[in-house]
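Peer 1: Sharing a structure, written as structure tokens. Questions coming.
Just so it is clear, none of the values below were taken in a lab; they were calculated from the coordinates. The structure displayed is predicted, hence computed values, not measured ones. Cβ: placed from backbone, ideal geometry, glycine included. Neighbour counts: every protein chain shown.
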Amino acid sequence: MSALLEVADVGKRFQMGGILGRQEVRAVDEVSFAIAADKPEIFTIIGESGSGKTTLARMILGLERPSSGRILFRGEPVHHENKADRLKFMANVQPVFQNPFEAFNPLKRVDRYLQSTARRYLGARDKAAIEAAMDGALQKVGLSLAEIAGRFPHELSGGQLQRVAIARALIPNPPLLIADEPVSMVDASLRMAIVNLLKALRDDFGVSVIYITHDLATAYYISDRLIIMQKGRVVEMGPARAVLDNPEHPYSQLLKASVLSADDAGAGNLKPANELLQFSNDRLSRADASRLEERADGRRVRV
Ligand SMILES: Nc1ncnc2c1ncn2[C@@H]1O[C@H](COP(=O)(O)OP(=O)(O)OP(=O)(O)O)[C@@H](O)[C@H]1O
């Protein structure tokens, strides 16, 4: 397989506190996976708050240096000191952030963002070429330049604004998007439309998406493969349906049980989840001596 992205034994440690109470946080610990160049997919990173998802995403985007391991995009390290190399890399790997209202300045018209992206990455100078690039990207997300031209962020819904953010990311025609919790700030009624859009980008335009979430339901619906992270470590990874239909690691089971117990609210059905929490914490305390073991269905589980 020729790899689009290769993440190999990647770790990130942060030093916390002063000289005395100095502490090390292992935000990400020995994470490995690869995304093929010729097989677009939605690869999901799932885990609760603090499990290291965003740190991993920032390292893939070249915004943070790994403390150990390596990340290669088409065989080249993702960290570039040189501005031109950085720009070339960013044209290929584009981020979509959680909160579209934070991503756009409320006093700036949204089409300006698309314009500057087209100038920056495509080197487009004349008005017709810039507008064609903007409209092409907006059409991919179900909008058009005519619909959003001249409008300010508050004149669009959260769902529309997130579509514009995705259109902006698509302008350089990147083969890979890194979408960090792209639907968590979007109104529940509009969430599926964004999730379906990510699927359409994969199916119709061959874009791979690293989808970062703590939401099992959308992860199940959208993912080809996934990794489940707990405190910086992968506890289970593999084909999404196989893993989520029948999770093996206690933490994966706990995530699934938490979704079910939320549906079951009031039914007093928390005991199994409490037991799983105990199992999961037991495993975590022995994590240093653990390793990922391969299963017949293609998944790998930390044992
Ligand atoms: N710059 C930093 N300095 C120190 N610690 C950090 C830094 N960034 C992240 N961490 C720590 O690393 C761990 C992983 O954080 P990270 O933000 O990657 O998790 P996450 O899964 O994305 O959580 P969330 O869903 O809340 O964003 C946490 O314990 C966090 O406090």
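Peer 1: Amide H of residue 230 versus every other amide H placed in the peptide plane: which residues, excluding those fewer than 5 positions away on the same chain, fall under 5 Å?
Peer 2: 235
Peer 1: Provide the descending list of Cα extents for region 1-80 along its principal axes, expressed in whole angstroms.
Peer 2: Computed over region 1-80, the largest-to-smallest principal extents equal 50, 28, 18 Å.
Peer 1: On to the next question. Specify the inter-centroid distance of region 232-257 and region 148-218, based on alpha-carbon positions, in whole Å.
Peer 2: Result: 25 Å between the Cα centres.
Peer 1: Spelling out what I want: for every residue of region 93-101, take phi, set θ = phi - 60°, compute 6.51 cos²θ - 1.76 cosθ + 1.60 (Karplus), and round to whole Hz; glycine and proline get x.
Peer 2: Per-residue couplings from phi come out as 10, 10, x, 10, 9, 5, 10, x, 6 Hz.
Peer 1: Could you pull out every residue, at least 5 positions away or on a different chain, whose amide H is within less than 5 Å of the one on residue 67? Hs are placed 1.01 Å off N in the peptide plane, and Pro or chain starts have none.
Peer 2: 11, 12, 13
Peer 1: In a Gaussian network model over the chain where Cα atoms closer than 10 Å are linked, find which of 229, 16, 90 has the largest mean-square fluctuation.
Peer 2: Judging by the Gaussian network model, the answer is 16.
Peer 1: Now, a different point. For residue 4, what residues show an amide H to amide H distance below 5 Å, using hydrogens built from the backbone and excluding near sequence neighbours?
Peer 2: Those qualifying (amide H under 5 Å, at least 5 residues apart or on another chain) are 35, 36, 37.
Peer 1: Here's a follow-up. Could you give me the ³J(HN,Hα) list for region 289-299, computed from phi with Karplus coefficients 6.51, -1.76, 1.60 and θ = phi - 60°, whole Hz, x at Gly and Pro?
Peer 2: Listing the rounded values in order: 9, 9, 8, 8, 10, 7, 10, 4, 7, x, 7 Hz.
Peer 1: Based on alpha-carbon positions alone, could you give the equivalent ellipsoid semi-axes of region 52-149 from the gyration tensor, as √(5λ), descending, whole Å?
Peer 2: 29, 17, 12
Peer 1: Whole-Hz Karplus ³J(HN,Hα) for region 35-45, in order, using 6.51 cos²θ - 1.76 cosθ + 1.60 and θ = phi - 60°, x for Gly and Pro?
Peer 2: Listing the rounded values in order: 10, 6, 6, 9, 9, x, 8, 9, 10, 9, 10 Hz.
Peer 1: Connecting C-alpha atoms closer than 10 Å in a GNM of the chain, tell me which of 137, 179, 36 has the biggest fluctuation.
Peer 2: Ranking 137, 179, 36 by mean-square fluctuation puts 36 first.
Peer 1: In a GNM of the chain with a 10 Å cut-off on Cα contacts, which of 84, 118, 132 has the highest mean-square fluctuation?
Peer 2: It is 84.
Peer 1: Please compute the alpha carbon radius of gyration of region 154-260, then divide it by the globular-protein estimate 2.2 N^0.38 Å. Two decimals is fine. Intermediate results must be reported in sequence, preceding the final value.
Peer 2: Working: Rg = 14.8 Å, N = 107, 2.2 N^0.38 = 13.0 Å.
Computed over Cα atoms of region 154-260, the ratio equals 1.14.
Peer 1: If one puts a single equal scatterer on every Cα of region 3-302 and applies the Debye formula without solvent, what log₁₀ I(q)/I(0) results at q = 0.12, 0.14, 0.15 Å⁻¹?
Peer 2: -0.84, -1.09, -1.22
Peer 1: Once both labels are modelled 7 Å past Cα along the beta-carbon direction, what's the residue 184-residue 34 spacing in nm?
Peer 2: Simple spin-label model gives 3.1 nm for this pair.
Peer 1: Quick one: of 83/140; 83/108; 140/231; 108/140; 108/256, which pairs are farther than 32 Å apart, Cα to Cα?
Peer 2: 140/231; 108/256
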